Amino acid sequence: MEFYNMKKNIILIGHGNYATGMKSSIDLIAGINSHLFAIDFTENDSDITLKEKIHNVIDEIIDQPILFVCDIAGGTPFKVVASIANFNDNMELVAGCNLSSLLEAIFQNDTLSLDELAEFIVNASKNSTIRFKKIAVSQVKNVQEIEDGI
């Protein structure tokens, strides 16, 4: 089943306060999104308690498509989600995404299938990661150019 023209739920999961921190930033930039959830994996959690937290959120959005976004591929949150998502056609899992790609994914959410959204966010992460190239102050004609930005 393809989920075009339907909002996909995005569940952020990561170590420490990665998930709630990313959600907080997204809420500030893009506004509150009812399809965005955050699950933190704290020092008090185990893989069992994390799985319970995940199932509590899944139970709220049963039978709806879910894109899980984990902080690190291969970490405990990733492994726990993989064990859940592996056998569910309405779930996809990605890892290592940045804030920029998450914002882009939210704005593309209802225009792509779940599968396409997962691929989109990975590509957006790759494309939004850059290295700042320094320039010598002597190359700047006007110091105001540096201070004003774009």
Ignoring everything except DSSP H segments at least 4 long, calculate the 222 nm mean residue ellipticity for the chain; use -39,500 (n - 2.57) per segment, divide by total residues, nearest 500. -14000 deg cm²/dmol
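How big is the dipole moment of the chain about its Cα centre under a simple scheme where the beta carbon of each Lys and Arg is +1, that of each Asp and Glu is -1, and everything else is neutral? Debye, nearest 20, please.
In total the dipole reaches around 640 debye.
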How large is ³J(HN,Hα), in whole Hz, for each residue of region 94-101 in order, when computed from phi with the Karplus curve 6.51 cos²θ - 1.76 cosθ + 1.60 and θ = phi - 60°, using x for Gly and Pro? 10, 9, x, 7, 10, 4, 4, 5
With a 10 Å radius around each residue's Cβ, average the other Cβ atoms per peptide and rank 76-83, 64-71, highest first. 64-71, 76-83
Is region 41-83 best put as rounded, prolate or oblate by its Cα gyration tensor, with a ≥ b ≥ c the root eigenvalues, rounded for a/c under 1.5, and otherwise prolate when a/b is larger than b/c, oblate when not? oblate
Set the Förster radius R0 to 35 Å, insert the Cβ-Cβ distance between residue 86 and residue 134 as r into 1/(1 + (r/R0)^6), and round the FRET efficiency to 0.05. 0.20
Using Cα pairs under 8 angstrom and six or more residues apart, how large is the relative contact order of the chain, in percent? 26
How big is the chain on each of its three principal axes, counting only the C-alpha atoms and giving the largest first in Å? 59, 39, 26
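Sort 37, 120, 107 from largest to smallest accessible area, using a 1.4 Å probe on the heavy atoms of the protein chains.
Working: 37 35, 120 60, 107 130 Å².
My answer, sorted largest first, is 107, 120, 37.
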Please list, in order along region 68-75, the HN-Hα scalar couplings obtained from phi with the Karplus expression 6.51 cos²θ - 1.76 cosθ + 1.60 (θ = phi - 60°), rounded to whole Hz, x for Gly and Pro. 8, 10, 9, 6, 10, 5, x, x
About the Cα centre of region 1-86, what is the dipole size in debye to 20, counting +1 per Lys and Arg Cβ and -1 per Asp and Glu Cβ, all else neutral? 200
Take the alpha carbon gyration tensor of region 1-56, find the square roots of its eigenvalues, order them as a ≥ b ≥ c, and report rounded if a/c is under 1.5; if not, report prolate when a/b exceeds b/c, else oblate. oblate
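Just subtract the alpha-carbon distance of residue 107 and residue 57 from 0.36 nm times their residue separation and send over the number in nm, one decimal.
Result: 15.8 nm gained on full extension.
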Quick one: angle between helix 76-85 and the longest Cα principal axis of the chain, in degrees between 0 and 90, rounded to 10, please. 50
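The values are calculated or read from the model by the stated rules, or taken from the named source; none is laboratory data. These figures come from a predicted structure and were not determined experimentally. No Cβ is skipped: glycine too gets one built from the backbone with ideal geometry, and neighbour counts run over all protein chains shown. Surface areas here come from the heavy atoms of the whole protein model, side chains and all, with no ligands, DNA or RNA. Shrake-Rupley method; radii C 1.70, N 1.55, O 1.52, S 1.80 Å.
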